[in-house]
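Notes to accompany the following structure.
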Amino acid sequence: MAFSFLEKLWPDKKPAAEPRLPPPKHLGDFLERAGADWPKAVQAAQGGPEILIASSVGGHAAVRELDMILAIALTLRGAKVSFLLCDGALTACEQCTFKMFKSPWQFVEVGPTNHCRDCFGMGDAAYGALGLTVLKYSDFLTRGEKKSASRLAQKTPMADIPNFKFQGLSVGEHAAAGALRFFARGDLSQEETAEPVLRRYFEAALLTATAFGRALASRPFRCCSFHHGIYVPQGIIGEVARQAGVRVANWVVAYRKQRFIFSHGDTYHHTLLDEPVSTWDSMDWTPAIRKEAEDYLRSRWQGSQDWIYFHENPTEDIEKIRQELQFEKDQPTILLLTNVIWDAQLHYRANAFANMLDWIEQTIQYFSRRPDLNLIIRIHPAEIRGGIPSRQLMTEEIALRFPDLASNIRVIGPDKDVSTYALALDSDTAIIYGTKTGVELTSIGIPVIVAGEAWIRNKGLTEDATSPESYFRLLDALPKRQRLPEETKTRALKYAYHFFFRRMIPLRIAEQVPGTKRPFTMVADSLASFSDQADPGLGVICRGIMDGTPFVYHAEDEVALTP
């Protein structure tokens, strides 16, 4: 089937350049205060190692703000920083979501076009005001390459796209992930426009591979820093950089306030699975550090120290929760925690099942044959409260497959203000797929079985399934009727501290601004605000980007210095 948008030829000439927008007010004020010192710093860094900030999207407030902070900090440390922005050259991107369009057909017909001008303009205004080089996608694509990408995206069978390799790059995987994110679904089978939308993302992935390959070849970049590292275009950027031997530094906004996770080489979705145990197991462990970890983990019940959380005042009264569940038998309970179905649908070698729905379905079938155990399925609240609400709800998927659930199985929907932690404390064991909650549950002694790509896997703290057979052998051994040994609980607390305090790097310069659309903003009095002394976390990040040192903030040193 041919689609009109794939057959449109790109213009021979580039459109006339739009006048650059004024920079954000807070950036303009900062540059005014910096005066001549900032241009001098830019000039002094011209001979330094070249760093490319390649997030590509200018319309994402959090990305724009942090990339701006990184650019200033790296420049002040002697790096020659450039930015890469998409200027409307792509046929789809991770900025596009279902809720941005009147219908998917509008996206099929015009793509992101109506949003590109503002997205590029906001990024170009901020980055250009710094006096640093802004590279644009269209500068690295020829008309012939655009036509070739369009033809390939049109003729490739739809079923072949998710596994399609282009010049050894897994462009199809990221294109498929991008289409799933657009629809906020875990599969495309129920979407009328699935094929043309997927082909848009596939074409964009091909264009990204070509453009970014040429951009990398244009300069001797030491490292590319960009957010997330998955979807389109960021997932392709990572693929191209790794193939070219250029270091990659990915980042995401962390749960804790003013904190960010950076990872070397790949998205944190992958790297945290393989992080050596020695990174955290040998750290100094004192009563003061333990207390700090325990206090923070308890705060997670209400999210008081986080800027990403999903419940304001969840119910913690376990007796009330038990009454609402109304199990027929008072017997051991197993708690199952889901993820958002569509989120980060990438290939993970550690998964025991084809996908999360497959895991859920087989697990329900299993517990239907285990009347000696109660099963609570807690649906992740981010399904309806996340930044992109899911259009494929787990409750509906379960009801479709199991119209009449066994009497020993209950489902708690994402809209229910029930504390997951209270449920866990009242359960014999927790079963997870990929949720971060596994880090917290092991630290309070709750046995955890891992069936998917959760980061607590491979740490010697959980029982990790590697196949359906091994998974069901673990379930056969339930109930455990005991908590984790104290030694295991202590090691779990160590990992929780490492995860929440050391891998989530604090940035004093990134402050949350209530009442604005920006989740945080750069707050700097002068160039000195970017120094290691003023912001130690920023120093850790910059050294990691420039020199490849670990993205680990040694928060335990601060505890040791506290009287």
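Quick check on segment 69-114: of everything there that is crowded, with 22+ Cβ neighbours inside 10 Å and aromatic (F, W, Y), which residue is farthest from the chain's Cα centre (by Cα)?
Selected residue: F107.
So D532 ticks every box in (1) of a type in the set (D, E); (2) in contact (Cβ under 8 Å) with a residue 60 or more places away in the chain; (3) closer than 30 Å to D37 by Cα but one. Which box is left unticked?
D532 satisfies every listed condition except (2).
Give the residue that is farthest from A61 (Cα to Cα), with candidates limited to residues of segment 235-251 that are in contact with a helix residue (DSSP H, G or I) (Cβ under 6 Å, 6 or more places away or on another chain) and in a strand (DSSP E or B).
Once the filter is applied, the top-ranked residue is V248.
Among the numbered criteria (1) free of Cβ contacts under 8 Å to residues at least 12 places away in the same chain; (2) touching a strand residue (DSSP E or B) at 6+ places or on another chain (Cβ under 9 Å), which one does L461 miss?
Unmet condition: (1).
Give segment 434-460 a look and list any residue that's acidic (D, E) and farther than 15 Å from T271 by Cα, or say none.
E440
When residues of segment 44-62 are filtered for being closer than 22 Å to T113 by Cα and assigned to a helix (DSSP H, G or I), how many remain?
Going through segment 44-62 one residue at a time, the tally reaches 2.
Out of all the residues in segment 155-192, which are assigned to a loop (DSSP other than H, G, I, E, B) and acidic (D, E)?
Across segment 155-192, the qualifying residues are D187, E191, E192.
Among (1) in contact with a His (Cβ under 9 Å, 6 or more places away or on another chain); (2) touching a residue at least 60 places away in the same chain (Cβ under 8 Å), which single condition is M100 missing?
Answer for M100: the failing condition is (2).
Tell me whether segment 365-380 contains one or more residues that are over 29 Å from L169 (Cβ atoms), buried (at least 22 other Cβ atoms within 10 Å of the Cβ), at pLDDT below 90 and in contact with a helix residue (DSSP H, G or I) (Cβ under 7 Å, 6 or more places away or on another chain).
There is no residue in segment 365-380 that is over 29 Å from L169 (Cβ atoms), buried (at least 22 other Cβ atoms within 10 Å of the Cβ), at pLDDT below 90 and in contact with a helix residue (DSSP H, G or I) (Cβ under 7 Å, 6 or more places away or on another chain).
The values are calculated or read from the model by the stated rules, or taken from the named source; none is laboratory data. Predicted model, so just to flag it, every value in this text is computed and none were measured. All Cβ positions, even for glycine, are placed from backbone atoms using ideal geometry, and neighbour counts span all protein chains on display.
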